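Engineer: Structure in structure tokens, see below.
The values are calculated or read from the model by the stated rules, or taken from the named source; none is laboratory data. Here the structure is a predicted model, which is why all the values come from computation and not from measurement. Cβ placement follows ideal geometry from the backbone for every residue including glycine, while neighbour counts extend to all protein chains displayed.
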């Protein structure tokens, strides 16, 4: 997730985006909740990843990259977006500085 996305999620406890698949949309969201582990659900073309409050709090630290875990047979992963080390055409100004560039 980009810096503005992470900041908005941490402030509001919820963030969602939509992908247009032509005849229908896929909505994906992240939401804080009060359980100990990551979990997810898929309902009505919407994937929601639920992040425990304690993870969201620790995600504020600059060195905290992300979290992963299994929920039933699903492998869940949520990470901060870092700037690429090679040249890419996409705008990366909202991404976190790549730790590989830190001296």
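Engineer: Using the structure shown, decide if residue 1 is closer than 28 Å to residue 93 by Cβ, assigned to a loop (DSSP other than H, G, I, E, B) and in contact with a helix residue (DSSP H, G or I) (Cβ under 9 Å, 6 or more places away or on another chain).
Structural biologist: Numbers: closer than 28 Å to residue 93 by Cβ: yes; assigned to a loop (DSSP other than H, G, I, E, B): yes; in contact with a helix residue (DSSP H, G or I) (Cβ under 9 Å, 6 or more places away or on another chain): yes.
Considered against the rule, which asks whether it is closer than 28 Å to residue 93 by Cβ, assigned to a loop (DSSP other than H, G, I, E, B) and in contact with a helix residue (DSSP H, G or I) (Cβ under 9 Å, 6 or more places away or on another chain), residue 1 comes out as yes.
Engineer: Further, regarding this structure: With respect to residue 23, is the statement that it is assigned to a loop (DSSP other than H, G, I, E, B) and at pLDDT below 95 true?
Structural biologist: Values: assigned to a loop (DSSP other than H, G, I, E, B): yes; at pLDDT below 95: yes.
So residue 23 fits the description; yes.
Engineer: Here is a follow-up. Say whether the condition of being in a loop (DSSP other than H, G, I, E, B) and surrounded by 14 or more Cβ atoms within 10 Å (Cβ to Cβ) is met by at least one residue in the stretch 36-44.
Structural biologist: Checked the stretch 36-44: at least one residue is in a loop (DSSP other than H, G, I, E, B) and surrounded by 14 or more Cβ atoms within 10 Å (Cβ to Cβ).
Engineer: Run down 94, 86 and say which single residue is part of a loop (DSSP other than H, G, I, E, B) and either closer than 13 Å to residue 1 by Cα or modelled with pLDDT of 95 or more (or both). Can you show your working first?
Structural biologist: Working: 86 fails: either closer than 13 Å to residue 1 by Cα or modelled with pLDDT of 95 or more (or both).
None of the others qualify; the one that does is 94.
Engineer: Does the stretch 62-79 contain at least one residue that is surrounded by 11 or more Cβ atoms within 10 Å (Cβ to Cβ), closer than 16 Å to residue 7 by Cβ, at pLDDT 95 or above and under 16 Å from the mean Cα position of the chain (by Cα)?
Structural biologist: Checked the stretch 62-79: no residue is surrounded by 11 or more Cβ atoms within 10 Å (Cβ to Cβ), closer than 16 Å to residue 7 by Cβ, at pLDDT 95 or above and under 16 Å from the mean Cα position of the chain (by Cα).
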